[in-house]
Amino acid sequence: MAEQKYDGFDAEERAAMKERAKELKAQKRPRGGKADGEADLLAKVAEMEDSDRMIAEKLHAIVQAVAPELGAKTWYGMPAYTSGGKVLCFFQPAKKFGTRYATLGFNDIANLDDGTMFPTVWAITEMNAASEARIAELIRQAVS
(Lines give C-alpha, C1' and ligand atoms only; values in the text may rest on other atoms or scores of the structure.)
Protein backbone atom coordinates (compact mmCIF):
# COMPACT_ATOMS: atom_id res chain seq x y z
CA MET A 1 0.00 0.00 0.00
CA ALA A 2 1.41 3.38 -1.01
CA GLU A 3 1.77 5.99 1.68
CA GLN A 4 -0.48 8.99 1.23
CA LYS A 5 0.93 12.42 1.89
CA TYR A 6 -1.24 14.50 4.22
CA ASP A 7 -0.92 18.21 3.53
CA GLY A 8 -3.40 19.37 6.16
CA PHE A 9 -6.47 19.58 3.90
CA ASP A 10 -8.56 16.75 2.48
CA ALA A 11 -10.06 16.83 -1.01
CA GLU A 12 -13.39 18.27 0.17
CA GLU A 13 -11.66 21.08 2.08
CA ARG A 14 -9.49 21.94 -0.93
CA ALA A 15 -12.59 21.99 -3.15
CA ALA A 16 -14.36 24.34 -0.73
CA MET A 17 -11.38 26.70 -0.74
CA LYS A 18 -11.34 26.70 -4.55
CA GLU A 19 -15.05 27.51 -4.57
CA ARG A 20 -14.45 30.38 -2.14
CA ALA A 21 -11.68 31.76 -4.36
CA LYS A 22 -14.10 31.73 -7.33
CA GLU A 23 -16.73 33.50 -5.22
CA LEU A 24 -14.27 36.21 -4.23
CA LYS A 25 -13.24 36.74 -7.87
CA ALA A 26 -16.89 36.91 -8.92
CA GLN A 27 -17.58 39.58 -6.27
CA LYS A 28 -15.11 41.88 -8.00
CA ARG A 29 -17.02 41.74 -11.31
CA PRO A 30 -19.98 44.08 -11.76
CA ARG A 31 -23.22 42.11 -11.46
CA GLY A 32 -26.86 42.58 -10.58
CA GLY A 33 -26.40 42.39 -6.81
CA LYS A 34 -28.89 40.53 -4.63
CA ALA A 35 -30.59 38.78 -7.57
CA ASP A 36 -27.30 37.29 -8.77
CA GLY A 37 -26.45 36.05 -5.28
CA GLU A 38 -29.78 34.28 -5.03
CA ALA A 39 -29.33 32.79 -8.51
CA ASP A 40 -25.92 31.45 -7.46
CA LEU A 41 -27.42 30.00 -4.27
CA LEU A 42 -30.30 28.33 -6.12
CA ALA A 43 -27.93 26.88 -8.71
CA LYS A 44 -25.82 25.37 -5.93
CA VAL A 45 -28.96 23.95 -4.28
CA ALA A 46 -30.05 22.40 -7.60
CA GLU A 47 -26.73 20.49 -7.74
CA MET A 48 -27.31 18.83 -4.35
CA GLU A 49 -28.43 15.26 -3.81
CA ASP A 50 -32.08 14.63 -2.92
CA SER A 51 -32.13 14.88 0.90
CA ASP A 52 -29.69 17.82 1.05
CA ARG A 53 -31.57 19.58 -1.75
CA MET A 54 -34.95 19.18 -0.05
CA ILE A 55 -33.59 20.60 3.21
CA ALA A 56 -31.85 23.49 1.42
CA GLU A 57 -34.96 24.37 -0.60
CA LYS A 58 -37.13 24.42 2.53
CA LEU A 59 -34.50 26.43 4.43
CA HIS A 60 -34.42 28.99 1.61
CA ALA A 61 -38.22 29.31 1.71
CA ILE A 62 -38.13 29.79 5.50
CA VAL A 63 -35.44 32.48 5.28
CA GLN A 64 -37.36 34.33 2.55
CA ALA A 65 -40.57 34.22 4.61
CA VAL A 66 -39.05 35.11 8.00
CA ALA A 67 -36.22 37.49 7.04
CA PRO A 68 -36.60 38.69 3.44
CA GLU A 69 -34.08 41.46 4.17
CA LEU A 70 -31.24 38.93 4.25
CA GLY A 71 -29.07 38.64 1.17
CA ALA A 72 -28.48 35.27 -0.47
CA LYS A 73 -25.13 34.04 -1.79
CA THR A 74 -22.81 31.07 -1.79
CA TRP A 75 -20.02 30.88 0.76
CA TYR A 76 -17.35 28.20 0.33
CA GLY A 77 -19.79 26.70 -2.15
CA MET A 78 -22.59 26.49 0.43
CA PRO A 79 -25.88 28.41 0.54
CA ALA A 80 -25.52 31.39 2.87
CA TYR A 81 -27.53 34.39 3.99
CA THR A 82 -26.05 37.79 4.74
CA SER A 83 -26.79 40.87 6.80
CA GLY A 84 -24.85 44.05 6.16
CA GLY A 85 -22.61 42.18 3.73
CA LYS A 86 -21.52 39.62 6.35
CA VAL A 87 -22.57 35.97 6.44
CA LEU A 88 -25.18 35.52 9.15
CA CYS A 89 -25.99 31.84 8.56
CA PHE A 90 -25.15 29.04 6.16
CA PHE A 91 -26.30 25.57 5.19
CA GLN A 92 -23.70 22.83 5.01
CA PRO A 93 -25.02 19.81 3.09
CA ALA A 94 -24.08 16.39 4.47
CA LYS A 95 -22.44 15.52 1.16
CA LYS A 96 -20.15 18.59 1.27
CA PHE A 97 -17.68 17.05 3.72
CA GLY A 98 -19.02 13.49 3.80
CA THR A 99 -20.81 13.85 7.14
CA ARG A 100 -23.85 11.91 8.25
CA TYR A 101 -26.11 14.95 8.54
CA ALA A 102 -26.50 18.46 7.14
CA THR A 103 -26.03 21.48 9.39
CA LEU A 104 -27.38 25.01 9.76
CA GLY A 105 -24.66 27.24 11.15
CA PHE A 106 -24.63 30.83 12.39
CA ASN A 107 -21.69 33.22 12.49
CA ASP A 108 -20.93 35.67 15.28
CA ILE A 109 -23.12 38.46 13.87
CA ALA A 110 -26.21 36.34 14.61
CA ASN A 111 -28.02 37.46 17.73
CA LEU A 112 -28.15 34.01 19.34
CA ASP A 113 -26.32 34.86 22.57
CA ASP A 114 -27.74 33.08 25.59
CA GLY A 115 -25.46 33.36 28.59
CA THR A 116 -21.83 32.38 28.40
CA MET A 117 -22.28 29.28 26.24
CA PHE A 118 -24.77 28.60 23.43
CA PRO A 119 -25.03 26.56 20.22
CA THR A 120 -24.28 28.11 16.84
CA VAL A 121 -24.63 25.00 14.65
CA TRP A 122 -27.61 22.65 14.43
CA ALA A 123 -27.75 19.23 12.78
CA ILE A 124 -30.67 18.70 10.41
CA THR A 125 -31.57 15.13 9.55
CA GLU A 126 -34.95 15.91 7.99
CA MET A 127 -37.40 18.74 7.53
CA ASN A 128 -40.66 18.34 9.37
CA ALA A 129 -43.06 20.77 11.04
CA ALA A 130 -41.03 20.86 14.26
CA SER A 131 -37.68 21.46 12.56
CA GLU A 132 -39.18 24.10 10.25
CA ALA A 133 -40.66 25.95 13.24
CA ARG A 134 -37.34 25.80 15.13
CA ILE A 135 -35.40 27.08 12.11
CA ALA A 136 -37.85 29.97 11.66
CA GLU A 137 -37.44 30.81 15.35
CA LEU A 138 -33.63 30.73 15.08
CA ILE A 139 -33.62 32.96 11.98
CA ARG A 140 -35.96 35.48 13.67
CA GLN A 141 -33.73 35.56 16.75
CA ALA A 142 -30.54 35.80 14.69
CA VAL A 143 -31.71 38.94 12.86
CA SER A 144 -33.34 40.60 15.87
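The values are calculated or read from the model by the stated rules, or taken from the named source; none is laboratory data. This structure is a prediction, so every number in the text was calculated from the model and none was measured. All Cβ positions, even for glycine, are placed from backbone atoms using ideal geometry, and neighbour counts span all protein chains on display.
Key figures for this structure:
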quantity	calculated
Any hit, the stretch 58-81, residues being modelled with pLDDT under 95, surrounded by fewer than 16 Cβ atoms within 10 Å (Cβ to Cβ), touching a helix residue (DSSP H, G or I) at 6+ places or on another chain (Cβ under 8 Å) and of a type outside the set (Gly, Ala, Ser)	no
Residues that are farther than 13 Å from Val143 by Cα, part of a loop (DSSP other than H, G, I, E, B) and small (Gly, Ala, Ser), drawn from the stretch 67-84	Gly77
Any chance Val87 is among the β-branched types (Val, Ile, Thr), closer than 19 Å to Ser131 by Cβ and out of contact with any Gly (no Cβ under 6 Å at 6 or more places or on another chain)	no
Residue within the stretch 127-134 that is touching a Ser or Thr at 6+ places or on another chain (Cβ under 9 Å) and either crowded, with 17+ Cβ neighbours inside 10 Å or not in a loop (DSSP other than H, G, I, E, B) (or both) present	yes
Matching entry among Ile124, Ile109 (being surrounded by fewer than 19 Cβ atoms within 10 Å (Cβ to Cβ) and at negative phi)	Ile109
Given (1) of a type in the set (A, V, I, L, M, F, W, C); (2) over 25 Å from Ala15 (Cβ atoms); (3) under 16 Å from the mean Cα position of the chain (by Cα), number of the condition Ala39 does not satisfy	(2)
Selection status of Ala94, surrounded by 12 or more Cβ atoms within 10 Å (Cβ to Cβ) and over 12 Å from the mean Cα position of the chain (by Cα)	no
Condition broken by Gln64, with the remaining ones in (1) part of a helix (DSSP H, G or I); (2) within 12 Å of the chain's Cα centre (by Cα) satisfied	(2)
Conditions (1) touching a residue at least 40 places away in the same chain (Cβ under 8 Å); (2) closer than 28 Å to Ala15 by Cα; (3) surrounded by 13 or more Cβ atoms within 10 Å (Cβ to Cβ): number failed by Ala142	(2)
Residues being modelled with pLDDT of 95 or more, within 17 Å of Met127 (Cα to Cα) and not in a loop (DSSP other than H, G, I, E, B) - total across the stretch 85-100	4
Condition check for Asp52: acidic (Asp, Glu), modelled with pLDDT of 95 or more and surrounded by 15 or more Cβ atoms within 10 Å (Cβ to Cβ)	yes
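Conditions (1) out of contact with any Leu (no Cβ under 8 Å at 6 or more places or on another chain); (2) in contact (Cβ under 8 Å) with a residue 60 or more places away in the chain; (3) under 27 Å from Asp10 (Cβ atoms), marked per residue:
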{"site": "Ala46", "(1), (2), (3)": "yes, no, yes"}
{"site": "Ala56", "(1), (2), (3)": "yes, no, yes"}
{"site": "Tyr101", "(1), (2), (3)": "yes, no, yes"}
{"site": "Ala123", "(1), (2), (3)": "yes, no, yes"}
{"site": "Asn128", "(1), (2), (3)": "yes, no, no"}
{"site": "Ile135", "(1), (2), (3)": "no, yes, no"}
